[in-house]
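Down below is the structure, laid out as structure tokens.
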Amino acid sequence: MLLLLANSEAGRFLLGIKGNYPVTKVTPNSYHQLVDFQKDKPIFQATFYTSNRVAKILLLPLAKMDIMEQEFKRIQDKYEAFLHYSELEKRNYKYPQVYLASPETFNPGSGVQNRLYYDAAASWAAARDAASGGGATQINLIARVNFIDPNWYISRVGECFNTASLDNDIDVTAAVIEFYINYIADADSADTDIVSFNPTNPASLVAADYNKSKHGTTPYASKSLATTLIDTYNAWTLNKAGRDAVNLTGYSNYSVRSSRDTDDAPPTGRDQIGGDNNNSGNPEKLIVTYGAGPVGVKTLNELAIASIKTVNDVAVGSIKTIQDAS
């Protein structure tokens, strides 16, 4: 059901999937698309989130549909009901209102606290070298170093993506981390670095994960604040070491630091980027491009890989029925 919805017009809109590449796999925090075919080898692109965003977006209307069928009557047109309960096309005359006991549990970004910070230290060294920070939160700060006389402030971000849905025999050819940026301050011509990250538990970050020993100093990717754009997604393309950090059996962990923090160079003022977080409509994401399957594979589910443009004979993005899906 979730895979079919992810290929439907409504599902792709809710998930923010653009273009016509078919979705071939759906997990709670990711979707995978077939994007190319090179030398008898399919090329896929997977988009990962730090929360179970995909499942939560699609499961909310499905949960209401299930209650509708249990308490009222069998749904005849499930796609129409999905449109209604996802609030894309309301049909109040046909479907009763359904209230969930704890709707907050379906918040696509709920539970993710990855902004690590240290506030109001008396010296640069005290802020940078602290054994533990002020905590993990979900504010819009991404990478920050700031001096407001007489205090020093540093923020780091731990990005932990569950990438276990990738197959063990794949070849990762590209990896990009994207942030939607809405604020920039650049007092010192600084960069924003993506580096390695070694948290105690990637599924639940804590204040002690601020410790600099858990954050790398060699960038996997770097972007100057001067070239970073506001009110749009910005991409950090990972180098080979960053691609090698993609974990095929668990979490892929990355840290985001100001270059002034990475290089231990005290700022003269504020060097910072801020951006939308998992509780917003523009969450951070890891996009992995990979090749899968042995050379010579030319079909997927008995269809020519190069020509897969439909699901159950319906054009991808135009699916408007889920009647017979299981």
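Read-outs throughout are calculated quantities, based only on the coordinates presented, and are distinct from any laboratory measurement. Owing to the predicted nature of the structure, the values given are computational and were not obtained by experimental measurement. FYI the Cβ positions are ideal-geometry reconstructions off the backbone, even for glycines, and counts take in every protein chain you see.
A few comments on the model shown:
- Inter-centroid distance (Cα atoms) of segment 1-54 relative to segment 62-95, Å: 24
- Here the chain is assigned +1 on the Cβ of each Lys and Arg and -1 on the Cβ of each Asp and Glu. Its dipole about the Cα centre then comes out at about 520 debye.
- Histogram of C-alpha separations across segment 115-285, 5 Å bin width, %: 1, 9, 18, 22, 22, 15, 7, 3, 1, 0, 0
- Magnitude of the charge dipole for segment 115-285, about its Cα centre and with charges confined to Cβ atoms of Lys, Arg (+1) and Asp, Glu (-1), is about 220 debye.
- For Lys41, a cut-off of 29 angstrom between C-alpha atoms picks up these lysines, skipping any fewer than 8 places away in its own chain: Lys18, Lys25, Lys240, Lys285, Lys298, Lys309.
- Candidate aspartates and glutamates for bridging to Lys64, where Cα separation is under 17 Å - those fewer than 8 sequence places away on the same chain excluded: Asp77, Glu80, Glu87, Glu89, Glu104
- Cα-based convex hull volume of the chain per residue, rounded to whole Å³: 143
- Average 1/r across all pairs of distinct alpha carbons in segment 1-151, invert it, and you get the Kirkwood radius: 18.9 Å.
- Sorting 128-140, 272-284 by average packing, meaning the other beta carbons within 10 Å per residue, from highest down gives 272-284, 128-140.
- With helices as the sole contributors, the chain gives -4000 deg cm²/dmol at 222 nm; each DSSP H run of n ≥ 4 counts as -39500 (n - 2.57), and the sum is divided by every residue.
- Debye log10 I(q)/I(0) for segment 223-283, one point scatterer per Cα, at q = 0.24, 0.25 Å⁻¹: -1.24, -1.25
- Separation of alpha-carbon centers, segment 118-167 and segment 203-239, rounded to whole Å: 11
- Here the 3J(HN,Hα) profile of segment 227-236, calculated from phi with Karplus coefficients 6.51, -1.76 and 1.60 at θ = phi - 60°, is 9, 7, 9, 9, 6, 6, 6, 10, 10, 10 Hz, Gly and Pro shown as x.
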